[in-house]
Amino acid sequence: MINRMARNSDAPVLSLRDAMDRLIEQSFTPFGRGSFAGENAQSVPANLWEDANSYYLHLIAPALDLSTVDITTVGGVLTVSGQTIQSTPEGGKSVWQEWGPTSFRRQLQLPAGFDADRCQATYKDGILTVTVPKPEQVKPKSIKVQVAE
């Protein structure tokens, strides 16, 4: 019988108290504390979906400062960046903060031949939607079967 509880003898052993302290520290780390690629920026959750005519990029960005949103296309890459804001009521003092002002940047490789002038962006209910119409060459085509004579 294999002992599934066996552990690597080189692995450090945490006391229950240390494990709980680590869990609490990781669970309550304020959003926006990390960084990547040397930038002070966070990723916002994104979904990408498509239909026959367009691609749709949805970014969850509550309290988005629309004046900071920058959507560009260079060399077939769509880049969306911006900042969320947070306001504290006048005279108020933060007691606990899990989210706050955050910078973000997301990139997406687009198919060859897309028309950047036809791209659109809208913001509603905390979701930034970027719509990228598909180029004609990547749209589905229907081929009718003909009867050979």
So, with +1 on the Cβ of K and R and -1 on the Cβ of D and E, and no other charges, what is the size of the charge dipole of segment 54-149 about its Cα centre, to the nearest 20 debye? 260
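In segment 97-144, what percent of the accessible surface is made up of carbon and sulfur (1.4 Å probe, ligands and nucleic acids excluded)? Walk me through the intermediate numbers first.
On the way: 1610 of 3300 Å².
Carbon and sulfur together cover 49 percent of it.
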Segment 45-146: GluC sites (Glu not before Pro) in DSSP loop, at most 11 other beta carbons within 10 Å: 90, 98
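If you take the square roots of the eigenvalues of the alpha-carbon gyration tensor of segment 49-105 and sort them as a ≥ b ≥ c, do you get rounded (a/c under 1.5), prolate (a/b over b/c) or oblate?
On the way: a/c = 3.57, a/b = 2.45, b/c = 1.46.
In terms of gyration-tensor shape, prolate.
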The local net charge around residue 114, scoring Lys/Arg +1 and Asp/Glu -1 for residues other than residue 114 whose Cβ lies under 11 Å from its Cβ, equals -1
Alpha-carbon Rg with Dmax, taken over segment 47-149, Å: 19.7, 85
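Where does the charge balance sit around residue 83 when Lys and Arg score +1, Asp and Glu -1, over other residues with C-beta under 12 Å from its C-beta?
Around residue 83, the surrounding residues sum to -1.
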Could you pull the Cα extents of segment 97-149 along its three principal axes, largest to smallest, in whole Å? 75, 21, 17
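The values are calculated or read from the model by the stated rules, or taken from the named source; none is laboratory data. If you're wondering where the values come from, they're calculated on a predicted model, not measured in any experiment. Glycine also receives a Cβ, built like all others from the backbone with ideal geometry; neighbour counts cover every protein chain displayed. In case anyone asks, the SASA skips ligands and DNA or RNA and just uses the protein heavy atoms, side chains included. Shrake-Rupley method; radii C 1.70, N 1.55, O 1.52, S 1.80 Å.
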